[in-house]
Amino acid sequence: MDLSDSPEDAEFRARLREWLGKVLPTLPPKPSPDDWPGRRAYDLGWQRALHDAGYADVHWQAPPGVRLIFLEETEKAGAPYVGAGFVGLLHAGPTIAAEGTPEQRDRWLPPILRGEEVWCQGFSEPDAGSDLAALRTRAWRDGDAYVVSGSKIWTSHAEVADWCELLVRTDPDAPKHRGISWLAMPMDAPGVTVRPLRTLAGSAEFAEVFLDEVRVPVGNRVGAENDGWRVTMVTLSFERGTAFVGEVVACRRVLGELARRARRTGRWDDPVLRRRLGSLNAEFRALWRLTQWNVSAAEAAHGGVPGVGGSVFKLRYSQARQELYDAAAEVLGDAALDADRTWTADRLSSLSYTIAAGTSQIQRDIVAERILGLPKGR
């Protein structure tokens, strides 16, 4: 597989760099981490700028080479991340594009691309995290609506979201993987209560969501009733296969900054540290190549939906990111404990990566069973 830029890709890269060079200096200051209404406005404003420049649909409809170039160049240039648009652009949007009806795609995709609506993810529950299929949030039919009751936890960006990609149990008597449905729930519906959660890093991008007989139109179901687990696997394949792509580039940038700091402070004279940073450099270069292969292979074999190779990436990337920030602590010394430094917040955030988007234990099971063909554990 040829992973180098085609002439068309090279032209796109040059054009994107030129546009970023013009627009980034004009952006307003970024709001404080705790100002979620301000962050929502900032993130959606950036998405609108991408839309107006013709880059809005790069995550869904662009060829794989263009998609990766966009992520690589925007991260290198220091452009804003998707932020509050994370779930809509990288989870719900691609899922609806792949599984939704024409009417659903027409209703939900344009507002995401124009930077008008924010989505959150209502998957995990207090007793259904790694074992997601054990979810208990119940939905029963009442005419042309589902009535939903239950609770969700670790719901990303719920406090500023317009919509929630929601997993519910529509058939409590079916085997646990077969009685689930995927719904799009309006967050302003009566009966929805959001309670923000503060993380170890001090941020509040997650929330608990409580649902008390919330009515969701049947037309908001993506996929068939009780076929939600299959639709969820599409969502999770995007989450594990492409949602972290930009972060690989960010980690390579951080690694370069660490090496420069080590040279300035004399830490570079330590051969053990040099080998550690060199090993991490090789690791992230390999992960970037794996990402290129995964995205290209998905386009060829699955119409753009990532395959189980995304679990290989997620498994190794989670560990490599933690190793990177362990090395950062070694380079920074006492400064690594300064809570006001970006390094510290990023290191604390890295601890969640072996849990978020499917624990490393779950990823190992997927690799063992679906790629290596090993028997399921009892």
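The values are calculated or read from the model by the stated rules, or taken from the named source; none is laboratory data. The structure displayed is predicted, hence computed values, not measured ones. Ideal geometry is used to build each Cβ from the backbone, glycine not excepted, and the neighbour counts take in all protein chains shown. Each accessible area value is taken on the protein alone, full model and side chains, heavy atoms only, with ligands, DNA and RNA left out. Shrake-Rupley method; radii C 1.70, N 1.55, O 1.52, S 1.80 Å.
Using only the Cα atoms of region 37-135, each taken as one equal point scatterer with no solvent, compute I(q) by the Debye sum, divide by I(0), and report log10 of the ratio at q = 0.25 Å⁻¹. Treating every Cα as an identical point scatterer, log10 I(q)/I(0) equals -1.32.
Across the options Thr26, Ala79, Val214, the greatest Cα extent toward the positive end of the charge dipole of the chain (unit charges at beta carbon of Lys, Arg, Asp, Glu) belongs to Ala79. Divide the volume of the convex hull around the Cα atoms of region 98-221 by the residue count and you get 118 Å³ per residue. Straight-line cross-link reach from Lys76 at under 22 Å between alpha-carbon atoms covers these lysines, not counting any fewer than eight positions away in the same chain: Lys22, Lys30, Lys314.
Starting from the Kirkwood radius over alpha-carbon pairs of the chain, derive D by Stokes-Einstein at 37 °C in a medium of 0.692 mPa s and give it in µm² s⁻¹.
Values: Rh = 21.9 Å.
The calculation lands on 150 µm²/s.
Rounded if a/c is under 1.5, else prolate if a/b beats b/c, else oblate: with a ≥ b ≥ c from the C-alpha gyration tensor eigenvalues square-rooted, which is region 80-162? Taking the square roots of the gyration eigenvalues as a ≥ b ≥ c, region 80-162 is oblate.
Counting only heavy atoms of protein chains, what accessible area per residue, in Å², does region 121-270 have with a probe of 1.4 Å?
Result: 42 Å² of accessible area for each residue.
The charge dipole of region 70-181, taken about the Cα centre with unit charges on the Cβ atoms of Lys, Arg (+1) and Asp, Glu (-1), comes to about 260 debye, rounded to the nearest 20. Evaluated with a Cβ-only charge set (Lys, Arg +1; Asp, Glu -1), region 1-139 carries a dipole of roughly 380 debye about its Cα centre, given to the nearest 20.
Judged by the ratio a/c of the largest to the smallest principal axis of the C-alpha gyration tensor, region 56-95 counts as oblate, that ratio being 1.5 or greater while a/b is no larger than b/c.
Mean separation of Cα pairs under 8 Å and 6 or more residues apart, divided by the residue count, gives the chain a relative contact order of 13 percent.
A straight chain from Thr193 to Lys30 at 0.36 nm per residue would run longer than the Cα-Cα distance by 55.9 nm. Using Cα atoms only, what is the angle between the long axis of helix 36-53 and the major principal axis of the chain, expressed in degrees (0 to 90) to the nearest 10? Relative to the chain, helix 36-53 is tipped by roughly 80 degrees. Summing charges over neighbours of Leu197, with a neighbour being any other residue whose Cβ is under 15 Å away from its Cβ, gives -2 when K and R count +1 and D and E count -1. If you take the Cα centroid of region 27-50 and the Cα centroid of region 274-294, the two points sit 31 Å apart. Here, P(r) means the percent of Cα pairs in each 5 Å bin from 0 to the largest distance; for region 153-286 it is 2, 9, 12, 13, 14, 12, 9, 8, 7, 6, 5, 3, 1. A dipole drawn for the chain from +1 and -1 charges on Cβ atoms has a positive end, and of Thr95, Ala139, Ser6 the residue lying farthest that way is Ser6. The charge dipole of region 6-48, taken about its Cα centre with unit charges on the Cβ atoms of Lys, Arg (+1), Asp and Glu (-1) only, comes to about 140 debye. Think of the chain as a dipole: +1 on every Lys or Arg Cβ, -1 on every Asp or Glu Cβ, centred on the Cα centre; then among Ser149, Leu183, Leu273, Leu273 lies furthest on the positive end.
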